[in-house]
1. What does the extension gain come out to for ILE24 and ARG88, with contour length at 0.36 nm per residue minus their alpha carbon separation?
2. So what are the three principal axis dimensions of the range 1-42 from its Cα atoms, in whole Å, longest to shortest?
3. Starting from 0.36 nm per residue, how many nanometres of slack lie between ILE11 and ILE96 once their C-alpha separation is accounted for?
4. If you filter the range 1-61 for trypsin sites (Lys or Arg not before Pro), then keep DSSP loop positions with at most 13 other Cβ within 10 Å, what is left?
5. Among the GluC sites (Glu not before Pro) in the range 1-52, which ones are in a DSSP loop with at most 16 other Cβ atoms within 10 Å of the Cβ? Mind listing them?
6. Please go through the residue pairs LYS30/LYS82; LYS37/LYS68; LYS39/LYS87 and name each one whose alpha carbons sit more than 20 Å apart in this structure.
7. With axes computed from alpha carbons, what is the tilt in degrees of helix 29-49 against the longest principal axis of the chain, rounded to the nearest 10 within 0 to 90?
8. Relative contact order, percent, of the chain when contacts are C-alpha pairs under 8 Å separated by at least 6 residues?
Amino acid sequence: MIYNKLVRDKIPEIIEKRGEKYKIHIADDKEYSDKIKEKLKEEVEEFLKEPNKKELADVLEVVYALAKAIGISREELEKERKDREEKRGAFKKKIILEES
């Protein structure tokens with residue numbers, strides 16, 4: 001089966017333990033940038049199909065990888081999230097804007 005997609009670091013190990021063969025390569029920065037964005041879309045789609053803790057954790061893992069890829073630490077990302085929450089609020093009140 002041909003995949004040509006970004007996978008988690010331990011996937012080759014897992015495939016090997018099953019006695020299966022695989023072929024991999026290490027992405028350069030451009031390919032990684034493209035593939036990590038594709039992975040975000042894939043994981044979000046999986047979460048939307050089946051919203052659960054596992055799928056949401058996968059989305060978060062990709063978000064952290066994207067942040068690192070563009071030079072943002074988890075701490076910086078969380079600080080930005082908190083700053084935006086402070087300035088604009090969160091989504092706790094479930095407000096739907098109908099018109100403006």
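1. On the way: separation 64, 0.36 × 64 = 23.04 nm, distance 4.35 nm.
Working it through step by step, the gained length comes to 18.7 nm.
2. Ordered largest first, the range 1-42 gives principal extents of 31, 20, 18 Å.
3. My answer for the length gained is 26.5 nm.
4. On the way: sites: LYS5, ARG8, LYS10, LYS17, ARG18, LYS21, LYS23, LYS30, LYS35, LYS37, LYS39, LYS41, LYS49, LYS53, LYS54; in loops: LYS5, ARG8, LYS10, ARG18, LYS21, LYS23.
Sites meeting the loop and neighbour criteria: LYS5, ARG8, LYS10, ARG18, LYS21, LYS23.
5. Details: sites: GLU13, GLU16, GLU20, GLU31, GLU38, GLU42, GLU43, GLU45, GLU46; in loops: GLU20.
Answer in residue order: GLU20.
6. Working: LYS30/LYS82 30 Å; LYS37/LYS68 13 Å; LYS39/LYS87 30 Å.
Among LYS30/LYS82; LYS37/LYS68; LYS39/LYS87, the Cα-Cα distance tops 20 Å for LYS30/LYS82; LYS39/LYS87.
7. Roughly 70 degrees, rounded to the nearest 10.
8. Values: 37 pairs, mean separation 18.0, N = 100.
Reported as a whole number, the value is 18 percent.
FYI, it's all coordinate maths here, none of it is from the lab. Just so we're clear, the structure is a prediction, and the values are computed from it rather than from any experiment. Virtual Cβ from ideal backbone geometry, glycine too; neighbours counted across all protein chains shown.
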